[in-house]
Amino acid sequence: MRAVTNLTVHGIGETTRGLDPGEDRTWVSVAQFEQVMDAVAGRQDVRITFDDGNASDVEIALPRLVERGLRAEFFVLAGLLGEPGRLDSRGVCELLRAGMRIGSHGWAHRDWRTMDAGQAAEELSAAHNLLGQLVGEPVSRVAIPFGSYDRQVLRRLRQAGVTRAYTSDGGRARPDAWLQPRNSLSRDLDGGWISRVLGGGPSIPRRAAKLAMRLYKRVR
């Protein structure tokens, strides 16, 4: 079974809202985004995902995806829909009409390892219900905020009926795996990053280190 590379895009272009501490590290220029999309166009072994529900998903990313015949999955923060600089319900519908897929990034961008029972209900139930109403069908795929998970988080996701969970662990993935590592675009992205991530991939020691970290997160 051929492995796939999952990419994560956050924000693109000029920011139109205040960013959380460190969030600017995953904000890329339009030129950087286009460079990556040109590199993946026509490749069946690359999946494109978007996190956070930023307005740039529709304003910048969508036309460039359509232009290249690419499809992507957008993981939306249900509780932040319509806030300045974020997607609103019309933007979600526009993505759907263009053939994109909608998943959940939770409700309010919380760390799922530290949420209490009430917050978990919002993140894993209310968010899915709201997005399902917009999409017109159940939403059962998630992207884990901050890539922060442990065995309790994974147990909660399974109990919530999640059919696929994306992380930020990096590396390649089995196409049908329930837990999917992803590679985040970052502001220092260049041709070398594209070659490493989309080419031969990391060295054997680096792959071993990534696998060890994933195992640790699952059992901690």
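The values are calculated or read from the model by the stated rules, or taken from the named source; none is laboratory data. Worth saying up front: this structure is predicted, and the values here are computed from it rather than measured. When we count neighbours, we look across all protein chains shown, and the Cβ atoms used for this are built from the backbone with ideal geometry, even at glycine. Note: accessible area is taken over every heavy atom of the protein model, side chains too, but ligands, DNA and RNA are not part of it. Shrake-Rupley method; radii C 1.70, N 1.55, O 1.52, S 1.80 Å.
A few remarks follow.
- Highest mobility in the GNM of the chain, judged by mean-square fluctuation with C-alpha springs under 10 Å and restricted to ASP88, ASP176, ASP45, is found for ASP176.
- Cβ-Cβ distance of PHE146 and ASP116, R₀ of 22 Å, FRET efficiency by 1/(1 + (r/R0)^6): the value works out to about 0.80.
- Within the accessible area of the chain (1.4 Å probe), percent carbon and sulfur: 49
- Considering only THR26, THR16, THR167, the Gaussian network model of the chain with Cα springs below 10 Å gives its largest mean-square fluctuation to THR16.
- Point-to-point label distance, ASP176-SER195, nm (Cα→Cβ direction, 7 Å offset): 3.6
- The stretch 19-79 versus the stretch 92-159: alpha-carbon centroid distance in Å: 18
- Rolling a 1.4 Å probe over the protein heavy atoms gives the chain an accessible area of 47 Å² per residue.
- When the helices of the chain are scored as -39500 (n - 2.57) per DSSP H run of n ≥ 4 and the total is divided over every residue, the value at 222 nm lands at -9500 deg cm²/dmol.
- Of the GluC sites (Glu not before Pro) found in the stretch 10-106, those that fall in a DSSP loop while having at most 14 other beta-carbon atoms within 10 Å are GLU14.
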